[in-house]
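The values are calculated or read from the model by the stated rules, or taken from the named source; none is laboratory data. Quantities reported herein were computed from a predicted structural model and do not represent experimental measurements. Glycine gets a Cβ as well: all are built from the backbone with ideal geometry, and neighbour counts include every protein chain shown.
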Amino acid sequence: MLRKAFIPIRLHGLELKNSFIKTATYEGMSKDGIPDDRLFKFHEEMAAHDVALTTVAYGAVNEDGLTHEDQMVIDESATPYLKKLADVVHKKDGKISMQLTHCGYFTRSTRYKSRKPLGPSKTLNKYGLMKGRPYSREMSKADIQQTVEDFARAVLISKNAGFDAVEIHMGHGYLLSQFLSPVINKRNDKYGGSLENRIRFSLEVVDAVRRAVGDDYPLLCKLNMEDGFNNGFSLKDCIDTVNMLKGHGVDAVILSGGFTSLTPFYLMRGEIPLKEMVESESNFLQKAALRFFGRSIIKKYEFSENFFLPLAKQIRKSTNMPLVYVGGVISAQGIEEVMDAGFDMIAIGRALIAEPDFIQKVKNDPDHRSPCDQCNICVGYMEKTGVRCVL
Ligand SMILES: Cc1cc2nc3c(=O)[nH]c(=O)nc-3n(C[C@H](O)[C@H](O)[C@H](O)COP(=O)(O)O)c2cc1C
């Protein structure tokens with residue numbers, strides 16, 4: 001039922017005006033880690049147009065978690081920006097969440113603590129080749145412990161600044177997802193091997209976060225249903241993981257898929273904006289490599305409306321965990337289909353980049369369809385000009 005999506009709901013005590021989340025889409029509006037006016041306007045606009053919960057990205061839990069320099073690190077110095085973000089959204093009667101992330105082995109940032117990128121195992125970091133950071137190193141137990149503490153600290157800072165919820169990024173091939181993936185995680189200790197071991201780091205993060213913020217704070221996780229390559233994190237792994245997260249006090253899971261460093265367009269589908277990606281690349285050699293080999297190294301995935309729904313339905317029938325659907329939501333009919341399949345909330349990326357008032361349009365017109373044609377130029381340009389729709 002379409003109407004159901006517009007009824008106020010509660011997420012662990014947090015009252016939301018409807019079931020719609022603006023999903024994390026890295027905004028690229030924080031030069032040297034300091035947000036500019038566009039970031040505040042971006043989220044204010046979402047709230048003003050009836051998005052119940054808008055998600056800020058990228059929020060790195062420490063410097064080693066940055067993919068590049070122009071991203072926020074969520075430490076004490078971020079508090080003034082976070083407060084301002086929370087304020088502008090609250091003034092428009094919206095709620096705000098922070099996606100907390102660590103990129104693990106794929107980084108090209110020149111701001112870091114550990115010169116070698118951190119990951120579950122030693123892995124080639126093709127993004128860091130020209131930055132003198134070609135390989136990651138296997139994280140020690142002390143690295144893991146420190147990162148757990150950094151997640152907890154970042155969540156508490158977000159909460160204290162007025163954020164209404166947080167989302168821990170466990171998908172898309174970021175650090176926790178690298179640990180979850182049997183292809184990338186080759187460890188022989190208690191953090192590698194069986195799913196119980198591969199998920200240990202994520203559960204330590206969740207437990208530490210819960211301890212830091214207390215029982216009454218909404219905690220979401222974004223998780224892969226599958227990595228999108230052979231022998232990666234699987235649907236069966238996902239079902240078991242969702243149930244384990246439920247046992248550790250996670251309030252909702254956002255179901256996605258794909259691995260940014262290996263299958264980047266699996267998670268959104270559609271065109272590969274190669275020209276814009278080449279333009280945005282500042283390193284001469286990387287630019288040349290992208291121009292000449294981009295087509296052969298970046299795999300294309302055809303877009304279809306609600307493209308993750310068949311997979312997500314399989315998770316839906318296996319658990320009573322509150323689930324958020326994401327992936328290819330572009331029309332009122334599509335929203336109805338997702339709600340009818342029993343999902344609790346719907347997260348939307350490109351349709352809201354194209355039309356910040358997409359939710360209101362859908363509410364007023366059951367035949368509304370997003371003009372987004374999945375050209376993905378918003379992705380190609382997110383680092384260069386900030387995320388925006390060219391249509
Ligand atoms: C420009 C852009 C930036 C994105 N950045 C992030 C991100 O920072 N974190 C994340 O979890 N997903 C990111 N994604 C993926 C989206 O959250 C979402 O999973 C995907 O786009 C599918 O949803 P959609 O079809 O509604 O766009 C990004 C997508 C786009 C288009």
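Tabulated data
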quantity: Top-ranked residue of the range 285-305 - restricted to ones that are among the small types (G, A, S) and assigned to a helix (DSSP H, G or I), ranked as nearest to the chain's Cα centre (by Cα); calculated: G294
quantity: Criterion (surrounded by fewer than 18 Cβ atoms within 10 Å (Cβ to Cβ) and modelled with pLDDT of 95 or more) met by exactly one of E69, E44, E76; calculated: E76
quantity: Qualifying strands (runs of 3 or more DSSP E) (wholly inside the range 17-126; at least 2 residues being over 30 Å from N364 (Cα atoms)); calculated: 53-60, 95-101
quantity: Considering residues of the range 294-304 that are within 23 Å of H68 (Cα to Cα) and hydrophobic (A, V, I, L, M, F, W, C) only, the residue surrounded by the fewest Cβ atoms within 10 Å (Cβ to Cβ); calculated: I297
quantity: Odd one out for K116 among (1) within 16 Å of the ligand (Cβ to nearest atom); (2) in contact with a strand residue (DSSP E or B) (Cβ under 6 Å, 6 or more places away or on another chain); calculated: (1)
quantity: Residue that is surrounded by the fewest Cβ atoms within 10 Å (Cβ to Cβ), among those in the range 324-342 that are aliphatic (A, V, I, L, M) and more than 18 Å from G258 (Cβ to Cβ); calculated: A341
quantity: Hits in the range 269-293 (condition: of a type in the set (G, A, S) and either within 30 Å of R10 (Cβ to Cβ) or loosely packed, with under 15 Cβ neighbours inside 10 Å (or both)); calculated: S282, A288
quantity: Answer from D143, D37 - the residue that is more than 17 Å from the chain's Cα centre (by Cα) and under 23 Å from C221 (Cβ atoms); calculated: D143
quantity: Failed condition for A142, given (1) without any contact (Cβ under 8 Å) to a residue 40 or more places away in the chain; (2) part of a loop (DSSP other than H, G, I, E, B); (3) more than 24 Å from N283 (Cα to Cα); calculated: (2)
quantity: Unmet criterion (only one of (1) touching a residue at least 60 places away in the same chain (Cβ under 8 Å); (2) out of contact with any Leu (no Cβ under 8 Å at 6 or more places or on another chain)) for T260; calculated: (2)
quantity: Cβ pairs under 7 Å, 6+ apart, first in the range 18-30 and closer than 14 Å to G380 by Cα and within 8 Å of the ligand (Cβ to nearest atom), second among the aromatic types (F, W, Y) and modelled with pLDDT under 95; calculated: Y26/Y58
quantity: Exclusive hit being within 16 Å of the ligand (Cβ to nearest atom) and more than 23 Å from I335 (Cα to Cα), set A57, A5, A52; calculated: A57
